[in-house]
Amino acid sequence: MAEIKLRNGTDHEFTDISSETFRVYHFPGGETVQIFSPQYLNVGRSGHRVLDGFGYSHFIPKGWTRLTWKVKEDQPHFVR
């Protein structure tokens with residue numbers, strides 16, 4: 001996988017979350033959204049913006065009930 005560089009054309013601030021292998025957003029009713037190889041995260045009033053390691057941009061609207069993730073070996077469990 002090629003290194004992904006964030007090209008931010010907004011005033012949103014992003015945090016490097018490349019220490020994670022994946023993250024899963026859990027919604028009411030049991031629906032989940034899983035993002036593999038997340039690289040950058042913006043936490044906004046309306047939800048999360050995530051850029052993954054494949055170059056896909058994701059917007060996850062607020063309203064989930066839980067967020068889980070797994071970090072890479074020897075990486076910090078929390079970065080924000």
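The values are calculated or read from the model by the stated rules, or taken from the named source; none is laboratory data. A quick note: this is a predicted structure, and the numbers were derived from the prediction, not measured. Cβ atoms come from the backbone with ideal geometry, glycine included; neighbour counts cover every protein chain shown. Side chains included, ligands, DNA and RNA excluded: accessible areas come from the protein's heavy atoms. Shrake-Rupley method; radii C 1.70, N 1.55, O 1.52, S 1.80 Å.
Do any trypsin sites (Lys or Arg not before Pro) in the stretch 1-32 lie in a loop, going by DSSP, with at most 12 other beta-carbon atoms within 10 Å of their beta carbon, and if so which?
On the way: sites: 5, 7, 23; in loops: 5, 7.
Filter output for the stretch 1-32: 5, 7.
Enter the accessible area per residue of the stretch 37-80 (Å², integer; probe 1.4 Å; all protein chains in place).
Here the per-residue accessible area is 70 Å².
Of 18, 37, 57, which has the largest mean-square fluctuation in a 10 Å C-alpha GNM of the chain?
Looking only at 18, 37, 57, the biggest GNM fluctuation is shown by 57.
Under a point-charge model restricted to the Cβ atoms of Lys and Arg (+1) and Asp and Glu (-1), what is the dipole moment magnitude of the chain relative to its Cα centre, in debye to the nearest 20?
Numbers: 10 positive and 9 negative charges, 51 e Å.
Charge dipole, the chain, about its Cα centre: 240 debye, nearest 20.
How large a share of the accessible area of the chain, in percent, is made up of carbon and sulfur atoms when the probe is 1.4 Å and the other protein chains stay in place? Before the final figure, lay out each step's value.
On the way: 2800 of 5570 Å².
Carbon and sulfur together cover 50 percent of it.
Let me check against my output: what whole-number percent is the relative contact order of the chain, with C-alpha pairs under 8 Å and at least 6 apart? Spell out each step's value before the answer.
Details: 147 pairs, mean separation 25.7, N = 80.
Worked out over the chain, it gives 32 percent.
Using mean Cβ contacts within 10 Å as the protection proxy, how do 42-55, 67-80 order, highest first?
Going by the mean number of other Cβ atoms within 10 Å, highest first, we get 42-55, 67-80.
When N counts the residues of the stretch 1-64, how does its alpha-carbon radius of gyration compare numerically with 2.2 N^0.38 Å, as a ratio?
Working: Rg = 11.8 Å, N = 64, 2.2 N^0.38 = 10.7 Å.
After normalising by residue count via 2.2 N^0.38 Å, the value is 1.11.
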